[in-house]
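All remarks here apply to the structure that follows.
The values are calculated or read from the model by the stated rules, or taken from the named source; none is laboratory data. Everything quoted here is computed from the prediction, not taken from an experiment. Cβ: placed from backbone, ideal geometry, glycine included. Neighbour counts: every protein chain shown. These area figures cover heavy atoms from the full protein model, side chains too; ligands, DNA and RNA do not enter into them. Shrake-Rupley method; radii C 1.70, N 1.55, O 1.52, S 1.80 Å.
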Amino acid sequence: MPLCTPLLDAEIALPHWRIGAGPRQIAAADPDEDAVTLAWAAGRTLLDRHTGRSVTALLFGSTSAPLTDGANAATLVSALRLDPRAVLTQEFSGGTSAGGAALAAGAALASTRPGAVLVLLADSRTSAAGGPLGSGAAAVLLDSTGDLTLRITPLGPASSPAIAYARAAGLVTANPPFTRWAAPASARIAGLGDLGAAGAWISLMTGGGQADENGLTADVDQSWRVAVTGPDHALGALRRAVPARRGAPPRLSGPPPTFRPYYSAPQHWRDGDEELALVGMRCAECDAPEFPAAPSCPVHGPAAALTPARLALSGTVFTRTRDHVFPVGGPLTMAVVDLADGARFYGQVVPGRDVAIGDPVALVLRRMPTAADAAPRYFYKITPTGGTDADQ
Amino acid sequence: MPISNQVAVVGTGVTRFGELYDRSYLSLVHEAATAAADDAGVEVGALEAAWLGTAEPQLGALVGDSAAAVTEALGFAPRPVTRVANFCATGMEAVRAAALAVAAGEYEVVLAVGAEKMRDLAPRESLVAKTVEQSHPVIAKGRTAPGQFALVASRYLHTYGYGRDALAAVAVKNHQHATHNPKAHYRTPLTVEQVLSAPMAAEPLGLLDCTPTTDGAAAVVIASRRWAERNARQWVLIQGIGIGSYAGYYPALFRRDNDFLGFAATRAAAAAAYRQAGITDPRAQLDLVECHDCFTITEIVNTEDLGLFAAGTAAAELLAGTTTLGGELPVNVSGGLQSCGHPVGATGVRMVAEVTDQILGRAGSRQVHRARRGLAHNLGGPGAVAAVTILGAA
Ligand SMILES: [Zn+2]
């Protein structure tokens, strides 16, 4: 008896790079991407089509979550500009069946809670030797107003093979809570690789699954079958072509062993949500927001009426440099961006890409350099969006 | 009382600038301060108070974290000592604080000293570590000193159509000037080709577009005009001294009114100093300028912000020789930060000492002919603050 729930929309996100050729080609992530940033990319695109809709739960399924204590979903809530006080979060891991489990839990939640349920499935997996196996993410929005129906069927006794934890293979390189593992192969998607918990859904939307009178179908690692049925036009709107890219991601110089950047847990607790949501301030007398937020308007002073303002995530490059001095991940391209709402942003361009003055760009969530044994910190970097970006 | 023409610089003292591995921070403070006192013809024991400019005490095991370092270096107890810091404008801030205290009438003769011991650590552990490691965990991460001024250089070249050779001309000019300054860190002339072929620091700025990391100290004795007239051997008058601010450390690069073609803080500081000094046409009314040139682009845009040249024309004036020693308005005849180096707290004091020595006609082979009035300009942060001092013959 399948679990059924209305499906409103879905999206996928694939990293920029491709390694290898033909069916053995894999989608490869930048060194500053991980399952969280890929999930953010899919979720951001999806939610941008549904602004104003109330999301009341965010479920995250991954076998390569950067943190093992559940803070990944909380990071995603803030970075997707959802309300941390109003959104239920849950994470699913432990095997590639996590993708099906997250969807099944999402279906159950959607039938018992008001508002939409956002299910994010993401993986950026590496082999025991550290080589990339594939990276990608899917975002699924379950809501009672959806035209489509998601059916989730347990496939019986077969279940996900256990993750071969690297701990057993002696490959753990950091203390808990940061665990690295060697993942067993999940179903490969031709041209994209082993996408773990996100694999089935990406397969479903990119044509790797079946498409027939039963709609779009894909199996999750022999443990679940997911199928989407509904009107043809709505099913058609879910299909995605895989953009062809070339080239391997850049290798970055890692932080020197002595790299001990400033870190403060109280500062993160106090400011983390606004940083991840990229919240500046808007003065009632000014015609555009300013970032970072401060207790006064720089023009109108301390008496100005200031309200928090989420900055636009797209714009054009005002000025740029390529910096060979910054000792972590360099050389780095740094740019100042005129955002679409009139605010300014200054930060790093994503690795391996470049921008020129006047180029259209977007801000994307990436990992920022931290000390080797510190928890990941996420913030926004600049990525070109024009058709003719100057890849290096 | 208003400061203009009521406060004098009566003595200067500058140490050698460079990689002074054999010298301690305290010995540099001692040398600069005692040299300034000797020059003024006053006993250190007669100085009533002292202001210390040091921007980064942690580079030297916290020596200089408070002006108690002056007490230690000069046996200054129990007299009052105060440390000031204002990014790279720290040195001129020390001069300004001392001058204001004298103008207020509280003291007759005081000391302003700036010192920085930067080479006790490797350059990458020095100011690079500050922007890389001590800065905000995520905001503006990736910023370096050359990187932030490179953003200005990129915008300037893009807007006005100059090439990197215009930037290189600053380094070539200032290194040529420094061949006449025995205290400069670098005293070897450079060619445009050498500047352009140096390793890239932050495009379009190469290594030779950047000031080196340097140790040094400088001091001036500041006195009331009345004290100077009675006691000083020779002196110059502070005609104006102004500080301007623009934005905090992080917002300076995020502010949407930043055109990356210059520095609003410089314009504000200059306006204040010009108003005090009664200057309405600075290009015609100034005989020389010491301008902050931590990077080559810094001198170009700040000479525009100081009102010496119209927007977009400073590079052309530079290339035409206007700002070379012997030209219409020499800029950085000392060699500037490009060649002297930039011991942060010392720089602004060194600039005031240079303009003083020029007006007093004792600048040796780099003497500007008939220098009667000069300007010293100190920029801090990525344009966060700036200081301008106008000095004139008594
Ligand atoms: Zn305002």
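Structure values in brief
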{"read-out": "All positions within segment A:41-61 that are closer than 19 Å to A:Leu109 by Cα and either of a type in the set (Gly, Ala, Ser) or in a strand (DSSP E or B) (or both)", "value": "A:Gly43, A:Ser54, A:Val55, A:Thr56, A:Ala57, A:Leu58, A:Leu59, A:Phe60, A:Gly61"}
{"read-out": "Selection count where residues are part of a helix (DSSP H, G or I) and either open to solvent by less than 50 Å² (accessible area, probe 1.4 Å) or free of Cβ contacts under 8 Å to residues at least 60 places away in the same chain (or both), scope segment B:216-248", "value": "4"}
{"read-out": "Test: residue in segment A:302-318 that is at the interface with another protein chain (Cβ under 8 Å from one of its Cβ atoms) and more than 16 Å from the ligand (Cβ to nearest atom)", "value": "yes"}
{"read-out": "Restricting segment A:373-392 to residues that are within 10 Å of chain B (Cβ to nearest Cβ) and assigned to a strand (DSSP E or B), the residue that is modelled with the lowest pLDDT", "value": "A:Arg377"}
{"read-out": "Only listed residue being touching a helix residue (DSSP H, G or I) at 6+ places or on another chain (Cβ under 7 Å) and not β-branched (Val, Ile, Thr), chosen from B:Ala150, B:Ala140", "value": "B:Ala140"}
{"read-out": "Strands (runs of 3 or more DSSP E) wholly inside segment B:37-149 that include at least 1 residues being open to solvent by less than 10 Å² (accessible area, probe 1.4 Å)", "value": "B:50-53, B:109-116"}
{"read-out": "Among residues of segment A:277-301, those that are away from chain B (no Cβ under 12 Å), within 10 Å of the ligand (Cβ to nearest atom) and open to solvent by less than 60 Å² (accessible area, probe 1.4 Å), counted", "value": "1"}
{"read-out": "Residue match in segment B:261-271 (condition: in a loop (DSSP other than H, G, I, E, B), open to solvent by 10 Å² or more (accessible area, probe 1.4 Å) and within 14 Å of chain A (Cβ to nearest Cβ))", "value": "yes"}
{"read-out": "Criterion: outside any strand (DSSP E or B), modelled with pLDDT of 95 or more and farther than 17 Å from B:Pro212 by Cα - qualifying residue of B:Gly312, B:Gly392, B:Gly348, B:Gly374", "value": "B:Gly312"}
{"read-out": "Some residue of segment B:14-27 being modelled with pLDDT of 95 or more, in contact with a His (Cβ under 6 Å, 6 or more places away or on another chain), open to solvent by less than 10 Å² (accessible area, probe 1.4 Å) and over 18 Å from B:Ala99 (Cβ atoms)", "value": "yes"}
{"read-out": "Number of the exception - A:Pro327 against (1) more than 7 Å from chain B (Cβ to nearest Cβ); (2) buried (at least 17 other Cβ atoms within 10 Å of the Cβ)", "value": "(1)"}
{"read-out": "Scan of segment A:260-276 for residues that are at the interface with chain B (Cβ under 7 Å from one of its Cβ atoms) and buried (at least 19 other Cβ atoms within 10 Å of the Cβ), ordered by number", "value": "A:Pro261, A:Glu275"}
{"read-out": "Looking only at segment A:319-354, and only at residues there that are away from the ligand (no atom under 16 Å from the Cβ) and among the charged types (D, E, K, R), the one that is farthest from A:Glu33 (Cα to Cα)", "value": "A:Asp338"}
{"read-out": "Qualifying residue in segment A:361-372 (condition: farther than 23 Å from A:Leu38 by Cβ and either modelled with pLDDT of 95 or more or assigned to a strand (DSSP E or B) (or both))", "value": "no"}
